[in-house]
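For reference, the structure discussed in these notes is given below.
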Amino acid sequence: MAINPRAIKTTGYLLEAQGLTVGFGPVNIIENLDIQLKRSEILGVVGPSGTGKSVMMRALIGLLPRRGGRIRYFGRDIDKLSLSARRKVERRWGVLFQHGALFSSLTVKENVQVPMREHMDISQELMDELAELTLSMVGLAPNAGAKLPSELSGGMIKRAALARALALNPDILFLDEPTSGLDPVGAAEFDELITSLKETLGLSVFMVTHDLGSLYRACTRIAVLGGKKVMVEGDLDTILAYDDPWVQSYFHGNRAQTVQVQMAEEDKALV
Amino acid sequence: MATVAIHNGYRLEEGGDTLRFKPFGSWIIRNLTEVEKTLSGFTMPKSSAPVVIDLSDLEKIDVAGAWLIHRSAKKFAAANHPISFESVGRAARILLQEVAESDRPSIPPEPAPSKAFTLVEDAGKSVISSVGDVRRLTELIGSMAAIGASMVRRPAMLRFTPILYHLEQTGVRAIPIVALITFVIGAIVSQQAIYQLRDFGAEQLAVNFVGIVILRELGVLLTAIMVAGRSGSAFTAEVGAMKMREEIDAVRTLALDPIEVIIVPRLTALVIAVPLLTFIGNLSALTAAAMVSFFYGGVPIDLFIEQLRDQVDMINFTRGILKAPFMAIVIGLVAVLEGLQVEGSTDSLGKRTTASVVKSIFLVIVIDGIFVLYYAMVDG
Ligand SMILES: Nc1ncnc2c1ncn2[C@@H]1O[C@H](COP(=O)(O)OP(=O)(O)O)[C@@H](O)[C@H]1O
Ligand SMILES: [Mg+2]
């Protein structure tokens, strides 16, 4: 008896998209794309600017309509879920947008409490404690909670937005260029933060990035987007060996060598 | 023998000389509502028996759950109970450690000042802010004058394309709504005039009354109020959003003058558009008046026009439309001024936009009053 592979439910992936097609007007930005996220991994998605990394991420979290393809979260097809079941699934992911997208009229602490207030029925006292705890976990100073987003620096905005994304203890964390706009030291710290949160909280991370440093430091698997599809995926070595002009110049150019030297120095410093 | 108390999410076993605190089930944020309620009603035992926190029945834990366990442990410790943990799984250990590391005293919020004090404070603040308004307005008028003077010398400063764009936005696109509003009000006023004067047999005087009221007051007032609501709010929102995204600073750093690039085109467009819109509003209101006279008062259209020409002096029209550019300047200045005061939050954008519309409508009416006084004095 032939088995229809699509009928198999438990694939072991937290997130699995098959044949994803998204476009605007007459053109498809991504076409027939397959991508998966495994448990407890940090997947780095790279690719030339404008290839549709952000578009893909927004389609995966349902912010953009799909023209085709199916998406499964935790083994369940999201098209087949009822609205309330969908909301439940949505509560199990946290999203960090490229510019933070903090609510500008709320303080940092209130921003972190928004998802708790909306989806949980817990006392204000506990919400205050949990917000404070989360802010401390993402490395913000105790006085940051009372500040408004307009009073924060770029790195602090990213951290505050990360705290909000973590508020409901998500299983999957989506990050769109989390280190863009940060200085190299800040970016390295952020990568470390993500890695350690992944370890402690058991997160799985889907990270769109431009930052070679993040790929070397944090990611456990890499997918390169190109030609409307995932061109190649695998661990760093697989990618480094892949024969494509963009991949070669990205991973072996001058910039890449600088990063490799940096990494080596950081390793030495650790010893 | 041990006594066992079962609560939501945890068991408390008292046996021998130790106390066992045994959380069970899922201690994750989605399930903690009830647990938290019973935990907060928890009364410490009087003794200082050692407490064993036994996690053997715990199925799932997350940060929030770890926090509650950590908090309970802290409370036991504060009541002088020696604490020990038992059967702590890997995930729980990592989380408890993380939570303990991240636990820090929070900064207490500043105590709220008393009601009476806030009242006084608010009053003081609003006085200061209106003084600030006046100061900023003077500054802006000053720089406008300076720019106006240099514009006379160097007309190339007038940016043609943006002015045309804003003329379209504030002028051309406002025509339908201005025409509609003035038409409706013109019809209402005219119907009332005919109805009230009919008792005195003076229906034909309605034309004089309606004509004068429309040309001197209603046309320009209604137009200015519509423009304040439409374009004033739009200007404030545009300038405010530019301020929020540092576009105004960008303009400055490009060695351009924000007043010249942002304010002058909008103000110029308004000064041109409002008189023209007033003219259209006048026509529309008079058309409505003529139609009401015909259908309701039985006055033929040609008679209406003839009477209008004979009885209503041109000076009424000039006096009305003369107010338009002044109102335009006030609407534009208030709108831009409010927009420039927007701060980082979307909140302040909304507040400033509201303030802009309210202030400019108020000032439009004040200006109208000043003109009425002035004309009354001139006419003696
Ligand atoms: N809302 C939109 N409407 C039309 N085109 C869009 C929209 N969003 C993105 N695009 C186009 O999709 C392509 C991919 O964009 P994006 O995913 O943002 O690139 P990146 O890989 O750099 O994140 C770009 O060519 C962009 O112009
Ligand atoms: Mg992008």
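The values are calculated or read from the model by the stated rules, or taken from the named source; none is laboratory data. Note that the coordinates shown come from a computational prediction; the quantities given were computed from them, not determined experimentally. Please note: Cβ atoms are built from the backbone with ideal geometry, for glycine as well, and neighbour counts cover all protein chains shown. The area values use the complete protein model at the heavy-atom level, side chains included, leaving out ligands, DNA and RNA. Shrake-Rupley method; radii C 1.70, N 1.55, O 1.52, S 1.80 Å.
Quick notes
- Remark: pairs (first residue in segment A:186-209, in the same structural domain as A:L14 (by TED's automatic domain parsing) and within 16 Å of ligand 2 (Cβ to nearest atom); second residue assigned to a helix (DSSP H, G or I) and of a type in the set (K, R); Cβ separation under 6 Å; 6+ apart in sequence or on different chains) = A:V208/A:K53.
- In segment A:77-104, the residues that are touching a residue at least 40 places away in the same chain (Cβ under 8 Å) reach residues that are part of a helix (DSSP H, G or I) and within 16 Å of ligand 2 (Cβ to nearest atom) with C-beta atoms within less than 7 angstrom, at least six apart or across chains, in these pairs: A:L96/A:A161; A:F97/A:A161; A:G100/A:K158; A:G100/A:A161; A:A101/A:A161; A:L102/A:A161.
- Per-region count, segment A:166-179, residues away from ligand 2 (no atom under 15 Å from the Cβ), open to solvent by less than 10 Å² (accessible area, probe 1.4 Å) and not in a loop (DSSP other than H, G, I, E, B): 2
- Of the residues screened, B:R93 is not one that is of a type in the set (K, R), over 30 Å from A:T134 (Cα atoms) and open to solvent by 90 Å² or more (accessible area, probe 1.4 Å).
- Residue within segment B:18-27 that is surrounded by fewer than 21 Cβ atoms within 10 Å (Cβ to Cβ) and either in contact with a helix residue (DSSP H, G or I) (Cβ under 6 Å, 6 or more places away or on another chain) or outside any strand (DSSP E or B) (or both) present: yes
- Scanning segment B:93-135 for residues that are more than 14 Å from chain A (Cβ to nearest Cβ) and in contact (Cβ under 8 Å) with a residue 12 or more places away in the chain yields a total of 1.
- A:E189 meets all of the listed conditions (1) among the charged types (D, E, K, R); (2) open to solvent by 40 Å² or more (accessible area, probe 1.4 Å); (3) in a helix (DSSP H, G or I); (4) within 24 Å of A:S49 (Cβ to Cβ) but one, namely (4).
- Within segment A:42-56, the set of residues being within 13 Å of the chain's Cα centre (by Cα), more than 6 Å from ligand 1 (Cβ to nearest atom) and more than 15 Å from A:T21 (Cβ to Cβ) comprises A:I42, A:L43, A:G44, A:V45, A:V46.
- If you filter segment A:196-205 down to residues that are in a helix (DSSP H, G or I) and open to solvent by less than 40 Å² (accessible area, probe 1.4 Å), you find that the one that is farthest from the other protein chains (Cβ to nearest Cβ) is A:K198.
- The residues in segment B:48-72 that are within 17 Å of B:R11 (Cα to Cα) and away from chain A (no Cβ under 14 Å) can be counted, and the count is 11.
- Complete set of residues in segment B:136-163 that are touching a residue at least 24 places away in the same chain (Cβ under 8 Å) and either among the hydrophobic types (A, V, I, L, M, F, W, C) or part of a helix (DSSP H, G or I) (or both): B:R136, B:L137, B:L140, B:I141, B:S143, B:M144, B:I147, B:M151, B:M157, B:L158, B:P162, B:I163
- Selection count, segment A:34-64, where residues are part of a helix (DSSP H, G or I) and more than 10 Å from ligand 2 (Cβ to nearest atom): 2
- The set of residues in segment B:218-247 that are open to solvent by 50 Å² or more (accessible area, probe 1.4 Å) and part of a helix (DSSP H, G or I) comprises B:I225, B:R230, B:E238, B:K243, B:M244, B:E247.
- Residue ranges of helices (runs of 4 or more DSSP H) in segment B:266-380 with at least 1 members open to solvent by 70 Å² or more (accessible area, probe 1.4 Å), at pLDDT below 95 and in contact with a Gly (Cβ under 9 Å, 6 or more places away or on another chain): B:301-311
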